[in-house]
Structures are given as structure tokens and as C-alpha cells.
Amino acid sequence: LGERDSFVGRKVLITAGPTQEPIDPVRYVGNRSSGRMGYAIAQAAWRRGAEVSLVSGPSALAAPWGVEFVPVATALEMRDAVASRLGDADVSVYAAAVADFRPVEPKDRKVKRTESGPELSVELEANPDIALETRRQRRAGSIAVGFALETDDLLENAKLKLEGKGFQLLVANDATEEGAGFGVSTNRVTILGADGSVDVLPLLSKDEVAEEILDRVEALLDASVKDETPGG
């Protein structure tokens, strides 16, 4: 009650969390993402009236209320879940921290140190770039939002990602900055737009960052509707 209903009738697809690429049944290649940012966006979009699908890698967080929750483990599973839903989405948000690489030959039984010796070599291959690989499946006129977590050259790398993957918005943050990145409830982000805009936000809770992102998505959706209106 009392929430904005600006996303009523809209479908929003969000990815969140890490992926876990198995080395064997008990070990994996992954990262420290909690999924908190993507979950916050999913809940905020639902509060605005959207029909939300959240494709999430393994996370300790409870599934947000009211959304379609799609649990996955690996990058390949996440790609397939996104590809099957993307064509219906008015908004897609790629907030997941997908592992860049996966073991070429995951073992079907635990690798014991008595067998591997003092060293264990694991050959890795590149995972699919989900946003790039599924780009052609986005609906015409839909809004795509990407994320860039960097340790150096933040704006330069973010601009390359924004342009290279066809995003309308790119949310960038520095992994080395205190209070931002993985494992914390706050974030300090810079939001870049395809129109050349650069908005540097102060340290905010991830729930507040979610609202800032959706405010900008809402403005883009409104502009798109006006462009489609005869005489608009």
C-alpha cells in the first residue's frame, strides 16, 4: 500500500548472485557475491507493480516476496534460464557476478590430496558472456541494465562494457572501496547512461541503490512510450 505502481504491466528479468562452477562434487570455482544487490532490485521492482523473474545463483538470502524465483548453480544454467525468459522482458538487469571461467573436466568424485599430491592443476575455459550472448533475444524497445565491478580504471572499463553489450544503463562500482562491492549491505555506485550521462551517487544502502536504478529505468520507459505515441 502506498507504493508506486509505475511498473504495473511490465515484466522485469533480473540475474543475481554468484555462479559455482564445479571442480568435483564438493569444490567449485566461484566468487564472494551475496546476491544482495540483485535481490534488492527484484523486490523494489515488485513493489512498483512489475512481474519479476529473478534468476539467482547460490545465495543465503531468502527469495524476495512475490517474484518468480529461478535458482541456478552454473553460468550455463543461468544463460539458459535468461534466454528462455528474455524475449518477454520489458526490462533486463544483469546484476549477477558470473564466474568468468569453469573447469574443463569437472570430476564426478572428490579429488583426494593423497591422489593429487602436493599440487592440483585445474584447466579452465571461458564461460559464456550471458548479456552479450543473449543480446539479440532482447525485445525491441526494452531496457537493459548492466553492472561492472572493477578494481581499476572504473569509468573507462564501465564505458566499454556499456557500449559493447548494448546496455541503456551501466552501474559501476569499485571493488576496493570501503562499503562497496561484495559481502556488505551498502554500495557506492556510478550510473552511466547510453546518452553519455554519468551520475556519481554517495554511499547508500543497496535497497536505496535499487530505487535509484529503477527511477532511471522508469524514466527511460516513459520516454520510450512517448516516442511511440502518435505525435509524441
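The values are calculated or read from the model by the stated rules, or taken from the named source; none is laboratory data. Predicted, not measured: the structure shown is a model, and the values here were computed from it. Neighbour counts are summed over all protein chains in view; Cβ atoms, including those assigned to glycine, are modelled from backbone coordinates with ideal geometry.
Considering GLU115, GLU156, the condition of being out of contact with any strand residue (DSSP E or B) (no Cβ under 6 Å at 6 or more places or on another chain), over 25 Å from ASN173 (Cα atoms) and not β-branched (Val, Ile, Thr) is satisfied by GLU115 alone.
When the criteria are applied in full, ALA210 meets the requirement of being part of a helix (DSSP H, G or I) and closer than 23 Å to SER59 by Cβ.
Looking at segment 141-150, is at least one residue of a type in the set (A, V, I, L, M, F, W, C), in a loop (DSSP other than H, G, I, E, B) and at pLDDT 95 or above? No, there is no match, as no residue in segment 141-150 is of a type in the set (A, V, I, L, M, F, W, C), in a loop (DSSP other than H, G, I, E, B) and at pLDDT 95 or above.
Condition check ((1) in contact with a helix residue (DSSP H, G or I) (Cβ under 6 Å, 6 or more places away or on another chain); (2) in contact (Cβ under 8 Å) with a residue 12 or more places away in the chain; (3) assigned to a helix (DSSP H, G or I)) across all residues:
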| residue | (1), (2), (3) |
| --- | --- |
| ASP80 | no, no, yes |
| VAL93 | yes, yes, no |
| ARG102 | no, yes, no |
| GLU105 | no, yes, no |
| ASP108 | no, yes, no |
| VAL111 | no, yes, no |
| GLU115 | no, no, yes |
| LEU120 | no, no, no |
| GLU125 | no, yes, no |
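Quick check: anything in segment 7-30 surrounded by fewer than 19 Cβ atoms within 10 Å (Cβ to Cβ) and within 21 Å of SER142 (Cα to Cα)? Yes, there is a match, as at least one residue in segment 7-30 is surrounded by fewer than 19 Cβ atoms within 10 Å (Cβ to Cβ) and within 21 Å of SER142 (Cα to Cα). GLY183 - would you say it is of a type outside the set (A, V, I, L, M), in contact (Cβ under 8 Å) with a residue 12 or more places away in the chain and in a loop (DSSP other than H, G, I, E, B)? Considered against the rule, which asks whether it is of a type outside the set (A, V, I, L, M), in contact (Cβ under 8 Å) with a residue 12 or more places away in the chain and in a loop (DSSP other than H, G, I, E, B), GLY183 comes out as yes. For segment 64-96, a tally of residues being closer than 18 Å to MET37 by Cβ and either at pLDDT below 95 or not hydrophobic (A, V, I, L, M, F, W, C) (or both) returns 5.
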